[in-house]
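A.B. asks: For reference, the structure I am asking about is given below.
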Amino acid sequence: MVQNVRILQSEILSDNWYILRKITYEFDKPDGSRHKHIREVYDRGNGATILLFNKENKTVILTRQFRLPSFVNGNPDGMLIEACAGLLEKDNPEECIKRETEEETGYLVKDVRKIFEAYMSPGSVTEILHFFVAEYSKSMKLHDGGGIEQEQEDIEVLEMTLDSAMQMIDTGEIKDGKTIMLLQYAKLNQLV
(Lines give C-alpha, C1' and ligand atoms only; values in the text may rest on other atoms or scores of the structure.)
Protein backbone atom coordinates (compact mmCIF):
# COMPACT_ATOMS: atom_id res chain seq x y z
CA MET A 1 0.00 0.00 0.00
CA VAL A 2 1.06 3.55 -0.70
CA GLN A 3 1.83 5.63 2.40
CA ASN A 4 3.03 9.18 3.12
CA VAL A 5 2.35 10.66 -0.32
CA ARG A 6 4.25 13.91 -0.87
CA ILE A 7 3.87 16.29 -3.81
CA LEU A 8 7.37 17.39 -4.77
CA GLN A 9 6.54 19.60 -7.74
CA SER A 10 3.46 20.73 -9.64
CA GLU A 11 3.93 22.41 -13.03
CA ILE A 12 1.09 23.83 -15.14
CA LEU A 13 1.42 22.51 -18.70
CA SER A 14 -1.76 24.15 -19.99
CA ASP A 15 -4.54 26.35 -18.66
CA ASN A 16 -6.12 27.08 -22.02
CA TRP A 17 -9.44 25.30 -21.44
CA TYR A 18 -8.99 23.61 -18.08
CA ILE A 19 -5.80 22.90 -16.15
CA LEU A 20 -3.29 20.24 -17.11
CA ARG A 21 -0.53 19.74 -14.54
CA LYS A 22 2.64 17.67 -14.48
CA ILE A 23 3.01 16.45 -10.91
CA THR A 24 6.10 14.87 -9.39
CA TYR A 25 5.33 12.95 -6.21
CA GLU A 26 6.82 10.31 -3.97
CA PHE A 27 5.46 7.79 -1.52
CA ASP A 28 6.60 5.11 0.86
CA LYS A 29 5.77 1.43 0.70
CA PRO A 30 5.33 -0.74 3.81
CA ASP A 31 8.78 -2.26 3.26
CA GLY A 32 10.27 1.22 3.80
CA SER A 33 11.21 1.84 0.18
CA ARG A 34 10.51 5.26 -1.29
CA HIS A 35 9.17 5.61 -4.85
CA LYS A 36 9.04 8.67 -7.09
CA HIS A 37 6.59 9.12 -10.00
CA ILE A 38 5.70 11.80 -12.52
CA ARG A 39 2.13 11.97 -13.84
CA GLU A 40 -0.05 14.40 -15.76
CA VAL A 41 -3.33 15.35 -14.10
CA TYR A 42 -6.22 17.09 -15.85
CA ASP A 43 -8.41 19.27 -13.63
CA ARG A 44 -11.67 20.30 -15.28
CA GLY A 45 -13.64 20.69 -12.07
CA ASN A 46 -16.38 18.45 -10.73
CA GLY A 47 -19.68 17.75 -12.43
CA ALA A 48 -23.19 16.40 -12.13
CA THR A 49 -25.35 14.18 -14.31
CA ILE A 50 -29.00 13.14 -14.22
CA LEU A 51 -31.37 10.60 -15.67
CA LEU A 52 -34.90 11.89 -16.14
CA PHE A 53 -37.47 9.09 -16.06
CA ASN A 54 -41.23 8.82 -16.49
CA LYS A 55 -42.65 5.91 -14.52
CA GLU A 56 -46.02 5.93 -16.26
CA ASN A 57 -44.68 5.91 -19.83
CA LYS A 58 -41.54 3.88 -18.96
CA THR A 59 -39.41 6.46 -20.73
CA VAL A 60 -36.17 8.34 -20.13
CA ILE A 61 -34.75 11.60 -21.48
CA LEU A 62 -31.29 11.53 -23.04
CA THR A 63 -29.37 13.93 -25.27
CA ARG A 64 -27.26 13.62 -28.40
CA GLN A 65 -24.36 15.93 -29.13
CA PHE A 66 -20.99 16.12 -30.84
CA ARG A 67 -17.99 15.20 -28.68
CA LEU A 68 -14.61 15.98 -30.23
CA PRO A 69 -12.59 13.51 -28.10
CA SER A 70 -14.84 10.66 -29.25
CA PHE A 71 -14.39 11.75 -32.87
CA VAL A 72 -10.61 11.91 -32.47
CA ASN A 73 -10.73 8.39 -30.96
CA GLY A 74 -12.57 6.79 -33.88
CA ASN A 75 -16.25 7.67 -33.45
CA PRO A 76 -17.05 8.37 -37.15
CA ASP A 77 -19.48 11.27 -36.62
CA GLY A 78 -18.43 12.25 -33.10
CA MET A 79 -22.02 12.10 -31.86
CA LEU A 80 -22.77 10.57 -28.45
CA ILE A 81 -26.05 9.76 -26.74
CA GLU A 82 -25.73 10.85 -23.12
CA ALA A 83 -27.53 11.67 -19.92
CA CYS A 84 -27.79 15.40 -19.26
CA ALA A 85 -24.67 16.66 -17.45
CA GLY A 86 -22.59 19.70 -16.69
CA LEU A 87 -19.74 21.13 -14.66
CA LEU A 88 -20.53 22.49 -11.20
CA GLU A 89 -18.71 25.78 -11.77
CA LYS A 90 -19.73 27.72 -8.63
CA ASP A 91 -22.98 25.82 -7.91
CA ASN A 92 -23.56 22.94 -5.56
CA PRO A 93 -24.29 19.65 -7.36
CA GLU A 94 -28.09 19.85 -6.97
CA GLU A 95 -28.37 23.42 -8.27
CA CYS A 96 -26.00 22.61 -11.11
CA ILE A 97 -28.00 19.64 -12.33
CA LYS A 98 -31.30 21.51 -12.13
CA ARG A 99 -29.79 24.32 -14.24
CA GLU A 100 -28.24 21.92 -16.75
CA THR A 101 -31.47 19.93 -17.03
CA GLU A 102 -33.44 23.02 -18.00
CA GLU A 103 -30.74 24.31 -20.39
CA GLU A 104 -30.15 21.00 -22.16
CA THR A 105 -33.56 19.29 -22.08
CA GLY A 106 -36.04 22.11 -21.49
CA TYR A 107 -37.49 20.37 -18.40
CA LEU A 108 -37.79 22.19 -15.08
CA VAL A 109 -37.25 19.58 -12.37
CA LYS A 110 -37.54 20.44 -8.70
CA ASP A 111 -37.22 17.10 -6.95
CA VAL A 112 -33.87 15.54 -7.79
CA ARG A 113 -32.42 12.63 -5.86
CA LYS A 114 -28.69 12.06 -5.54
CA ILE A 115 -27.87 8.38 -5.91
CA PHE A 116 -24.05 8.29 -5.76
CA GLU A 117 -20.85 9.97 -6.88
CA ALA A 118 -17.93 8.51 -8.81
CA TYR A 119 -14.53 9.30 -10.27
CA MET A 120 -14.93 8.75 -14.01
CA SER A 121 -11.29 8.48 -15.10
CA PRO A 122 -9.17 8.56 -11.92
CA GLY A 123 -5.94 7.64 -13.65
CA SER A 124 -5.66 11.12 -15.16
CA VAL A 125 -8.72 13.31 -14.42
CA THR A 126 -9.57 14.83 -11.02
CA GLU A 127 -13.34 15.11 -11.66
CA ILE A 128 -15.90 13.63 -9.29
CA LEU A 129 -19.30 13.26 -10.94
CA HIS A 130 -22.47 13.53 -8.82
CA PHE A 131 -25.24 11.25 -10.14
CA PHE A 132 -28.92 12.17 -9.85
CA VAL A 133 -32.31 10.84 -10.96
CA ALA A 134 -35.62 12.69 -11.21
CA GLU A 135 -39.10 11.99 -12.47
CA TYR A 136 -40.37 14.13 -15.32
CA SER A 137 -43.71 14.75 -16.96
CA LYS A 138 -44.83 16.72 -20.01
CA SER A 139 -46.12 19.48 -17.69
CA MET A 140 -42.51 20.22 -16.65
CA LYS A 141 -41.45 21.01 -20.22
CA LEU A 142 -40.70 24.76 -20.49
CA HIS A 143 -38.96 24.85 -23.88
CA ASP A 144 -37.24 22.64 -26.46
CA GLY A 145 -33.88 22.57 -24.67
CA GLY A 146 -30.78 22.21 -26.81
CA GLY A 147 -28.26 24.00 -24.62
CA ILE A 148 -27.06 27.58 -24.42
CA GLU A 149 -26.34 29.34 -27.70
CA GLN A 150 -23.38 31.39 -26.39
CA GLU A 151 -21.74 28.12 -25.28
CA GLN A 152 -22.25 26.85 -28.85
CA GLU A 153 -24.12 23.82 -27.61
CA ASP A 154 -26.11 21.98 -30.23
CA ILE A 155 -27.95 19.35 -28.21
CA GLU A 156 -30.74 17.11 -29.48
CA VAL A 157 -33.21 15.95 -26.82
CA LEU A 158 -34.24 12.29 -27.06
CA GLU A 159 -37.13 10.55 -25.33
CA MET A 160 -37.18 6.76 -25.44
CA THR A 161 -38.23 3.77 -23.41
CA LEU A 162 -35.78 2.48 -20.85
CA ASP A 163 -35.80 -0.87 -22.66
CA SER A 164 -34.81 0.85 -25.93
CA ALA A 165 -31.98 2.67 -24.18
CA MET A 166 -30.75 -0.58 -22.64
CA GLN A 167 -30.75 -2.20 -26.09
CA MET A 168 -28.70 0.75 -27.38
CA ILE A 169 -26.01 -0.13 -24.85
CA ASP A 170 -25.92 -3.67 -26.28
CA THR A 171 -25.70 -2.42 -29.88
CA GLY A 172 -23.01 0.15 -29.05
CA GLU A 173 -25.22 3.15 -29.88
CA ILE A 174 -24.77 4.30 -26.27
CA LYS A 175 -21.09 4.29 -25.23
CA ASP A 176 -20.99 7.06 -22.63
CA GLY A 177 -19.98 5.71 -19.21
CA LYS A 178 -22.10 7.99 -17.03
CA THR A 179 -25.16 7.25 -19.15
CA ILE A 180 -24.64 3.50 -18.98
CA MET A 181 -24.28 3.74 -15.19
CA LEU A 182 -27.51 5.73 -14.85
CA LEU A 183 -29.48 3.46 -17.18
CA GLN A 184 -28.28 0.36 -15.34
CA TYR A 185 -29.20 2.00 -12.03
CA ALA A 186 -32.70 2.71 -13.38
CA LYS A 187 -33.10 -0.88 -14.53
CA LEU A 188 -31.71 -2.46 -11.33
CA ASN A 189 -33.85 -0.21 -9.11
CA GLN A 190 -36.96 -0.51 -11.29
CA LEU A 191 -37.42 3.26 -11.66
CA VAL A 192 -39.75 2.68 -14.62
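A.B. asks: Could you please put 20, 88 in sequence from largest to smallest accessible area, using a 1.4 Å probe?
C.D. replies: Largest to smallest exposure gives the sequence 20, 88.
A.B. asks: For every helix of n ≥ 4 consecutive DSSP H residues, a contribution of -39,500 (n - 2.57) applies; sum these over the chain, divide by its total residues, and give [θ] at 222 nm rounded to the nearest 500 deg cm²/dmol.
C.D. replies: The per-residue figure over the chain is -6000 deg cm²/dmol.
A.B. asks: Name the residues whose placed amide hydrogens come within less than 5 Å of the amide hydrogen of residue 107, ignoring near sequence neighbours (fewer than 5 apart) on the same chain.
C.D. replies: 142
A.B. asks: Expressed as an acute angle from 0 to 90° and rounded to the nearest 10, what is the orientation of the C-alpha long axis of helix 162-171 relative to the principal long axis of the chain?
C.D. replies: Computed tilt is about 50 degrees.
A.B. asks: Could you tell me which residue out of 25, 73, 188 lies farthest along the dipole of the chain toward its positive end? Charges go on the beta carbon: Lys and Arg +1, Asp and Glu -1, centred on the Cα centre.
C.D. replies: The Cα lying farthest towards the positive end belongs to 25.
A.B. asks: A follow-up question, please. Taking amide H positions as placed 1.01 Å from N in the peptide plane, with prolines and chain starts having none, which residues 5 or more places from residue 91, or on another chain, fall under 5 Å of its amide H?
C.D. replies: Under 5 Å from the amide H of residue 91: no residue qualifies.
A.B. asks: Which whole-number percent is the relative contact order of the chain (Cα, under 8 Å, 6+ apart)?
C.D. replies: 22 percent
A.B. asks: From the Cα gyration tensor of segment 1-106, with a ≥ b ≥ c the square roots of its eigenvalues, which class applies: rounded if a/c is under 1.5, or else prolate if a/b is larger than b/c, or else oblate?
C.D. replies: It is prolate, given that a/c is not under 1.5 and a/b is the larger ratio.
A.B. asks: Loop-only GluC sites (Glu not before Pro) in segment 1-102, please: DSSP not H, G, I, E or B, and at most 16 other Cβ atoms within 10 Å.
C.D. replies: Taking segment 1-102 and a limit of 16 other Cβ atoms within 10 Å, the loop GluC sites (Glu not before Pro) found are 56, 89.
A.B. asks: Tell me the relative contact order for segment 117-181 as a rounded percent, counting alpha carbon contacts under 8 Å between residues six or more apart.
C.D. replies: 19 percent
A.B. asks: Can you list the HN-Hα couplings for segment 105-111, worked out from phi with the Karplus curve (6.51, -1.76, 1.60; θ = phi - 60°), rounded to whole Hz and with x for Gly and Pro?
C.D. replies: 10, x, 8, 9, 9, 10, 9
A.B. asks: Counting only Cα, what are the radius of gyration and maximum Cα-Cα distance Dmax of the chain, in Å?
C.D. replies: Reported Rg and Dmax, both Å: 19.3, 63.
A.B. asks: For the chain, the longest stretch holding no trypsin sites (Lys or Arg not before Pro) located in a DSSP loop with at most 13 other Cβ atoms within 10 Å is which?
C.D. replies: My reading of the result: 111-192 is the longest stretch.
A.B. asks: Considering only protein heavy atoms and a probe of 1.4 Å, how much of the accessible area of segment 83-123 is carbon and sulfur, as a whole percent?
C.D. replies: Here it works out to 47 percent.
A.B. asks: Here's something else I'd like to know. Give me the count of lysine pairs in segment 19-108 whose alpha carbons sit under 25 angstrom apart, restricted to pairs 8 or more positions apart or on different chains.
C.D. replies: Going through segment 19-108 pair by pair, I get 4.
A.B. asks: Using each residue's phi in segment 69-86, evaluate 6.51 cos²θ - 1.76 cosθ + 1.60 at θ = phi - 60° and report the 3J(HN,Hα) Karplus result to the nearest Hz, with x for Gly and Pro.
C.D. replies: Karplus values, whole Hz, x for Gly and Pro: x, 5, 5, 4, 9, x, 6, x, 10, x, 8, 10, 8, 9, 6, 4, 7, x.
A.B. asks: Using a 1.4 Å probe over the heavy atoms of the protein chains, calculate the carbon and sulfur portion of the accessible area of segment 14-81 as a whole percent.
C.D. replies: It is 51 percent, rounded to a whole number.
A.B. asks: Residues of segment 57-192: accessible area per residue at 1.4 Å, in Å²?
C.D. replies: 56 Å²
The values are calculated or read from the model by the stated rules, or taken from the named source; none is laboratory data. Please read all numbers here as calculations on a predicted model, not as lab measurements. As a convention, Cβ positions derive from the backbone with ideal geometry for all residues, glycine included, and neighbour counts pool all protein chains shown. We work out accessible area using only protein heavy atoms, side chains counted, and drop any ligands, DNA or RNA first. Shrake-Rupley method; radii C 1.70, N 1.55, O 1.52, S 1.80 Å.
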